[in-house]
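Throughout, read-outs are computed from the coordinates displayed, never taken from laboratory work. On a predicted model such as this, the values are computed, not experimentally measured, just so you know. Note: ideal-geometry Cβ built from the backbone for every residue, glycine included; neighbour counts use all protein chains shown.
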Amino acid sequence: MRNSGAVLILSFIAKLISQAAGVSAPGKPRLTSCRSPEKETFTCWWEPGDDGGLPTTYGLYYHLENSETIYECPDYRTAGDNSCFFNKNDTSLWVNYNITVVATNALGRDISDPVEVDVAYIVQPNTPENVTAVVVDEDQGPFVRVSWEKPRTADTRSGWITLQYQLRVKQKKDKEWEEYDAGMQKYYNVFSLHPDKEFMVQVRCKPDHGFWSEWTQTTYVKMPDYIPRERSLWIMITIFSVFIVLILTWTLNVKRNSVKLCLLPPVPGPKIKGFDKQLLKSGKSEEVFNSLVIQGFPPTIDYDDLLVEYLEVYDNEEQELVLDSKDLSEDCMKSKSPSDCDSGRGSCDSRTLLLEKCMVGREGSRSDQHQYSQHGETSWASTESSECQGLEPGSPEFSDGRVKTWPVVFSSPQPHHHYQVEAVKPVYHSVPEILNHSSPHAMPANYQNLQHQDIPQQEGRFGKPACRHSQSYTHGLDTPAPGVSPSRSLEYVEVQRINPENMLLLRPLSDQNREPEGSDYAGEDYSKVKEVTSNNILLLQRDTSYLCADGYSQAGQCTTQQPPHPCKPVIYQSHSGMPQEGMRVMGNGYVDTTVLMPSY
Amino acid sequence: MSRSLKQVAVLLVALLCLDPHGRVGSAPICAHGPSGCHVPSLADLFDRVIQHSARMHSLSNDLHSEFEQYFLPSKNHIGKIYRKCHTSNILTPNGKENAQKLAREELTEVILKLLMAWRDPLFQLHQSMADQQDFNSFSSNKALEMGDMAHELRKGVEKVAEKMRVLGMLGNSVTGLSAAEAMLPLSESGEAMSDYELLYCFRRDSNKVQNYLKILKCRIVPEHDC
């Protein structure tokens, strides 16, 4: 108890004295690192602590895992100061080394912290050797080929160590290095280095599980001065132009229609209505041209119409108006007003007169009408009826007794004639005026009847306009309708004079009571046709009609008749013989001039 | 129309199923003869095997680092107490000379022993890592892949050995591996090793395997990379 206390006091005093003297026990050393360059040997380094002013010795001691045997470092010199080198015999892989360093001096010793080391994981190879950088000149341009060798100590041949390399390049003035991984090969080509510049190259290596080696010494390489062929520029230009061409082509393709229109304007094709090109191609020209034929061209007209229009022979006083029955019929049907004095229509007066006659004739006896119609027909059908009386029964049918045919008005086959016409000069007047003299009441009914007549039908029957001659006549006008005898005949009337009341005083042309002047009139107004030549030329005579009986004994028919009526249907036979076909000769040599019209 | 298509499809599937050749399996491609069939050379086999081992070792290395980072306080290797690995019974060359002194057959046998010794422990490791919540799925997948790699590597090495035997490079002194199969990763104290210890041990053993294979390859087929 006392001894321990005394020892403590003494040690404390010794320490104080030593501290005052400046010496102390060594400080704690520290193991800095352990490295193996080839995985066969390894070296550990330590740093000494404070030596305490006294000479201090260091010792490294180790023991293997799971073993208590402590070994000391076999070699303190090879690796330098404060190091311990383990040679191949002392190195065991895949075994943990527990290493400590002990510092010892006169006053004391200290032990470092232990370090566990597995040699397999502390491999750091030496630097590669013989680094060479060579400029290789090729077509593409010069480049640098860096080659090196493995560190001498590393045994890659047996496969004990596998190394991979790395190199870095930079210019002197550059700050940053350009690093390249070379893998396990021992050369590398560096491209795109600037010409006429000096470059620094360094290489290092590393095992598959370990640390990188140090960089080699710098190897300098100088790039030659060359003009780099700017191939890339040309390539870019080419690509750009190709691109432009492609775009243009595509645009043209898109707009090819408009381009085609611009460059090659289309030839206008045939624009014939109804023209079919396909038919033409097929070779059937007839069909092609047939399709071109427009129906209705040239415009065909009813020649009957022309015929109508054509016939306007208007001689001043001796007006021998040739009327187309059609016109008459039209007027019959259309207009009530008889005062249509349009010259184009011919003698409206006579026409209307005739109409009136039709009506007047109808009043009362239907049978008369019937007869009249018959006669009327026959009277006009000159060629057919050879008899003066013309009593051919070729009368048109009557529907309900009404007069269908217009010529009924003219029929007067019976010899007895009832002249009830006032002796007036033959003149043409509108019907209403004439009728004023006659029975007005009879007019409307018959007029209406007449209007309803199917007069064109009559035309067809005769083939020619039936009543060509405009005749103004009255029969039985001044007598009431029942009083009209069937034997009333048609005759020409002439208007003698006009009394102050605007009434026409008519008298028949063939009236015996005629005044001589009338005969003159007759002679002057009417011209007799002697004959019709083959050329359809009318040979007119100066003889009057009333001389017919005298002058033309040949016309047997003429004589057999009563004093011939001008309207009487008589077949006139000239010297030359039978009148030509199609020519109707009315009584007393009056020719139906319409016959002379060319037949259409 | 669709019905007929369905029927056709069903027929095709049936044919595929019934036809033994149509089945996707591990039938050798060159069953019908060597014509047109590329038989890998020994060098190719070695290359494949070495690649496998490299991959396996990198996985083990990664897992070990992760373990050290997350589960052990930041300490260096100092102070760690490691228990003996279960494969320490297998005599393995611990140096280059020792490894080069070994014959091919022995070297091959060592490799196979190591790989075989780690078949079950790796499976256990994966299981325990998957069970623990601490590990993320990434580590668990790595452990699984590591186990598969070890299995594949073993198969590959067996094929290499077979090939070498066929080529006459190996004698028939390769002993059976049945003795190593029953090894269990038990420490001296009888306790199961922890995951970290397993990882530590496996990292070392995978490094050994890789190294041994490289030596073997450069000894047998030293064309390139040697």
Debye intensity ratio in log₁₀ form over the Cα atoms of the range A:17-118, taken at each q of 0.13, 0.25 Å⁻¹: -0.47, -1.30
Just how large is the dipole of the range A:106-242 about the Cα centre, in debye to the nearest 20, putting +1 at every Lys and Arg Cβ and -1 at every Asp and Glu Cβ? 300 debye
With the Cα gyration tensor of the range A:97-214 in hand, give its eigenvalues times 5 under a square root as the equivalent ellipsoid semi-axes, listed largest first in whole angstrom. 41, 18, 10
Net charge of Cβ neighbours under 12 Å - reference A:Leu8; Lys, Arg +1; Asp, Glu -1: +2
Which GluC sites (Glu not before Pro) from the range A:111-205 combine a DSSP loop assignment with at most 14 other Cβ atoms within 10 Å? A:Glu138, A:Glu176
Percent of Cα-Cα pairs per 5 Å bin, from 0 to the last occupied bin, for the range B:107-153, please list those. 5, 24, 26, 19, 12, 8, 4, 1
Most exposed first, judged by fewest Cβ atoms within 10 angstrom, A:Phe42, B:Phe67 run B:Phe67, A:Phe42
For the range A:1-74, what class follows from the C-alpha gyration tensor (a ≥ b ≥ c being the square roots of its eigenvalues): rounded when a/c is under 1.5, otherwise prolate if a/b is larger than b/c, else oblate? oblate
Net charge contributed by nearby residues that have their C-beta within less than 11 Å of B:Ala103 (K/R +1, D/E -1): 0
The extension gain from B:Ala14 to B:Lys155, computed as 0.36 nm times the residue separation minus the Cα-Cα distance, is 47.4 nm
Loop chymotrypsin sites (Phe, Trp or Tyr not before Pro), the range A:46-125, which have at most 12 other Cβ atoms in a 10 Å radius of their Cβ (DSSP): none
Report the charge-dipole magnitude of the range A:17-118 in Debye, nearest 20, computed about the Cα centre from +1 at each Lys and Arg Cβ and -1 at each Asp and Glu Cβ. 180 debye
Using a basic spin-label model with each label point 7 Å from the Cα along Cα→Cβ, how many nm lie between B:Asp62 and A:Leu252? 5.9 nm
In terms of the charge dipole of the range A:129-230, which places +1 on Lys and Arg and -1 on Asp and Glu at the beta carbon, the residue among A:Trp212, A:Ile227, A:Tyr180 farthest towards the positive end is A:Trp212
Two pseudo-spin positions, 7 Å from Cα along C-beta at A:Leu107 and at A:Leu8, lie apart in nanometres by 2.1 nm
With label points set 7 Å from each Cα along the Cα-to-Cβ direction at A:Asn536 and A:Tyr220, the distance between them in nm comes to 13.7 nm
Net charge over other residues, Cβ less than 13 angstrom from the Cβ of A:Val123 (K, R count +1; D, E count -1): -1
